[in-house]
Amino acid sequence: MADTPPARLFTFDNTLGASVIGFAASCVVFGVLMTQVWTYFRRYNSDSVLYKLLVVLILLLQTVDQAFIGHFVYFYTVTSAGNPTELLTGSTTWSIILQQAIGSVVGTIVKCCFATRVYRFSEKNIFITGFIVLLALGQLGVALVFTVKAFQLSSIPAVFNLKTLATISLGLGVFTDVVTAAALWFFLRRLRTGYRAADSLVRSLVTDAVNTGVLTSAVSLATLLLFNLLPGNLIFGATYFLLSKLYAVSFLATLNTRRVVRGRGTDHEKETSSVRRATTREQQETNMFHLGTRMPTLHEHEPEAYPEFDIKPGFPPQPSSDYSSRYAI
C-alpha cells in the first residue's frame, strides 16, 4: 500500500470532476464514431460481410465501453451522493475495470489491422509486421493482467499500486503507434515513382498515416505522464476514456477516406468514360486499407509485371489515368 497517495491529495475536482469531464469528452468522440460508422455503411455498402462485421464489432465494443464509463460516473455522482468518501474508501466499481479491458481489446484490433497495411506496403515484410503485432498483443496481455489485479484492489486510489503494469501497458501502446506510423512512412515513401499523379497519392497516404499515429500516441503519452507525474488524482482517467474511441475513429476514418484517396493525383487529368467505368468496377472490390495492392517502385516498370502502365519501347512508362483508382484500394 506504500504507493497509494494520501487521501488529502484527492479532491472532488481532480477525481469526480475529472471523470465527468472525461465522460463528456468521450461522448463527443463517441458521436464522431457513430457518424463515421453511418458514413461507412452509406458509402461502402458493397464491402464484404467480414469488414462490415468488424465495423459492427468495434461499434458494439465502444457502445459497451461508453455505457461502463457512464455507470462509473453515475454511481459516484448520483448513487453515492450521500456518501462523498465512497470514491476513496469504497471498493472499485466493476464497470471501470471492465472498461479498461474493453478499451485494450479495441486498441489491439485496430493496431493489428494497421499492421496489415504495413505488411502490404512493405512487400510482405513479416519481420516488421510481426513485431508490430507482437507489441499489440503484448500490450493486450499486460492490460488483461492489470484487469485481473484491479478486481483485487480495495479502492480506486489503490490503482496506483499497479503503477508498473499500467506504465508498461501505456508505454507499449505509445511505442506500437510510433513504430506503425514510422513503418508506414518509410515504406510509403519508397513507392514514389516520380509522376505527379502517383506521388500526390503517396504524399496523401503518408500524411494520413503519420497523423493517425501522432493522435493516438499523443493521447497515450498524455495518459502515461498524467498517471505517473500527477499521483493523487484521477485526471489521467479523463484522457484514457478517449483513447480507445480515438483508435476506433482512426480505423473508420481510414476506411471512409478510400474514395477520397482514389481521386488524389487525377484531379488535373481528363477522365474518359472507359476510365469512369473502370473506376466504378474497382470501387466494387473490397479492400480494408488504402493501397491494398502494392504500387510499383521506381525500378519496377516491366510491361509483364504492370500492365496498368502504358509502356512503349524506348520511352519511360506513363501512368494510366486510373492509376490512383487502381491503387487506392
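Extending 7 Å from the Cα toward the beta-carbon at both Asn211 and Arg196 defines two label points whose distance is 2.3 nm. Residues Phe68, Phe114, Phe131, arranged from fewest to most other Cβ atoms within 10 angstrom of their Cβ, appear as Phe131, Phe68, Phe114. Hull volume per residue, based on the alpha-carbon atoms of segment 9-263 and their convex hull, is 122 Å³.
Treating r as the C-beta distance of Arg43 and Trp94 and R0 as 35 Å, the FRET efficiency rounds to 0.40. Label-to-label distance, Cys112 versus Thr35, with points set 7 angstrom from Cα along the beta-carbon direction: 3.0 nm.
Between Leu57 and Val20, the FRET efficiency estimated from the beta carbon spacing at R0 = 35 angstrom works out to 0.75.
Between Arg189 and Lys124, the FRET efficiency estimated from the beta carbon spacing at R0 = 22 angstrom works out to 0.75.
Going by Cα centres, segment 22-60 and segment 180-251 are how many Å apart? Cα centroid of segment 22-60 versus Cα centroid of segment 180-251: 19 Å apart.
Laboratory data are not the source of any read-out in this text; all were calculated from the coordinates shown. Worth saying up front: this structure is predicted, and the values here are computed from it rather than measured. When we count neighbours, we look across all protein chains shown, and the Cβ atoms used for this are built from the backbone with ideal geometry, even at glycine.
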